[in-house]
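Worksheet for the structure shown next.
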Amino acid sequence: MCGIVGFTGAAQAAPILLDGLAKLEYRGYDSAGLAVQNAAGKIEVVKAKGRLKVLSEMTDGGSAVSGSCGIGHTRWATHGEPNDVNAHPHVSQSGDIALVHNGTIENYAVLKKVLSDHGYTFKSETDTEVLVQLIEYIKLTSSCSLLEAVREALLQVEGAYAIAVVEKGNPDTLIVARKSSPLVIGVGDGETFIASDATPIVGYTDKVIYLKDNELAQISR
Ligand code: GLU
């Protein structure tokens, strides 16, 4: 069991993501990472094997990563050993889409083969990287929105997932979805949180939505 957190609002995201991940530490993990979209629209990813403390030190408690929309993850490796490269978030080939995932994608090898045939290359050994590449492939070939691309990609996926996705140039949007892995949305005042359970959210808001299986949500502040 790993952990997912996400935030979009007016505040700096990274310290909130680190704080949320710390509250999910009890679930167990082997690596951690975060992706935040900065004011210039670029997605910055920082991730590392080991304790959350390593990620916190790498980012100066989050203050070294600027931006108010982002996602964070603590990983419990199922596909590929625990290391820096296999840690989440995973990023699409263009670098425009970043994704965190809790669960397993059973048909990842088939999807990976199809994407490889279309020229996609993979940096990690994870099932998760296949999903972010698939989302990008669908988005580019169908000229659709991120939401539509995620929806279409998930129709092709067999397995269990809670996911959170951010896209370059879309600075106030998180796409989340779940099937067999939990995901909770916290609705604050001009800010929105997501997490694997309510523990990271309760300090900010008591308005909580439990996403149901096979539901997808587009989130803004
Ligand atoms: N299957 C994914 C991986 O191995 C996600 C594991 C998790 O739930 O942390 O990277």
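The values are calculated or read from the model by the stated rules, or taken from the named source; none is laboratory data. Nothing here was measured: the structure is a model prediction, and the numbers come from that model. FYI the Cβ positions are ideal-geometry reconstructions off the backbone, even for glycines, and counts take in every protein chain you see. Side chains are part of the model used for accessible areas, which takes the heavy atoms of the whole protein and leaves out ligands, DNA and RNA. Shrake-Rupley method; radii C 1.70, N 1.55, O 1.52, S 1.80 Å.
Measuring with a 1.4 Å probe in the full set of protein chains, what accessible area per residue, in whole Å², belongs to segment 70-221? Intermediate results must be reported in sequence, preceding the final value.
Details: 6480 Å² over 152 residues.
Ligands and nucleic acids excluded, the figure is 43 Å² per residue.
Tell me, what is the percent relative contact order of the chain, built from C-alpha pairs under 8 Å that lie six or more residues apart?
Working: 564 pairs, mean separation 50.9, N = 221.
Contact order relative to length: 23 percent.
Could you rank the peptides 57-69, 24-36 by their average count of other C-beta atoms within 10 Å per residue, with the highest value first?
Details: 57-69: 17.2, 24-36: 22.0.
Those peptides, ordered most packed to least, come out 24-36, 57-69.
Give the shape of the chain as rounded, prolate or oblate, defined through the alpha-carbon gyration tensor: a ≥ b ≥ c are the square roots of its eigenvalues, a/c under 1.5 means rounded, and otherwise the shape is prolate if a/b is larger than b/c and oblate if not. Present the calculation step by step, with values, prior to reporting the outcome.
Details: a/c = 1.40, a/b = 1.28, b/c = 1.09.
Judged from the Cα gyration tensor, the chain comes out rounded (a/c under 1.5).
Sort segment 4-82 into rounded, prolate or oblate with this rule: let a ≥ b ≥ c be the square roots of the eigenvalues of the Cα gyration tensor; rounded if a/c is under 1.5, and if a/c is not under 1.5, prolate when a/b is larger than b/c, oblate otherwise.
Numbers: a/c = 1.87, a/b = 1.70, b/c = 1.10.
Because a/c hits 1.5 or more and a/b exceeds b/c, segment 4-82 counts as prolate.
Going by average Cβ density within 10 Å per residue, which order do the peptides 7-18, 42-53 take, highest to lowest? Can you show the working numbers first?
Working: 7-18: 22.2, 42-53: 17.9.
Packing proxy ranking, top to bottom: 7-18, 42-53.
For every other residue with a beta carbon closer than 11 angstrom to the beta carbon of Cys2, add +1 if it is Lys or Arg and -1 if Asp or Glu, then tell me the sum.
Details: positive: Arg27, Arg75; negative: Glu25, Asp30.
Residues near Cys2 contribute 0 overall.
Which ³J(HN,Hα) values, rounded to whole Hz and listed in residue order, are derived for segment 94-104 from phi using the Karplus coefficients 6.51, -1.76 and 1.60 in 6.51 cos²θ - 1.76 cosθ + 1.60 with θ = phi - 60°, glycine and proline given as x?
Going residue by residue, I get 6, x, 7, 10, 10, 9, 10, 9, 10, x, 9 Hz, with x marking Gly and Pro.
If amide H atoms are built 1.01 Å from N in the plane of the peptide, which residues on other chains or at least 5 residues away come under 5 Å of the amide H of His79?
Under 5 Å from the amide H of His79: Asp127.
Tally Lys and Arg at +1 and Asp and Glu at -1 over the other residues with C-beta under 15 Å from the C-beta of Tyr204: what net charge comes out?
Net charge in that neighbourhood comes out at -2.
What are the residues whose amide H is under 5 Å from the amide H of Ser31, where those residues sit 5 or more places off or on another chain and H is modelled from the backbone?
Those lying under 5 Å, H to H, from Ser31 are Gly50, Arg75.
Along segment 70-75, what does the Karplus equation 6.51 cos²θ - 1.76 cosθ + 1.60 (θ = phi - 60°) give for ³J(HN,Hα), rounded to whole Hz, x for Gly and Pro?
So the J values, rounded to whole Hz, are x, 9, x, 8, 10, 9.
Find which of Ala162, Ile105, Ser145 sits farthest along the positive direction of the dipole of segment 92-170, computed with +1 on the beta-carbon of Lys and Arg, -1 on that of Asp and Glu, about the Cα centre.
Ser145
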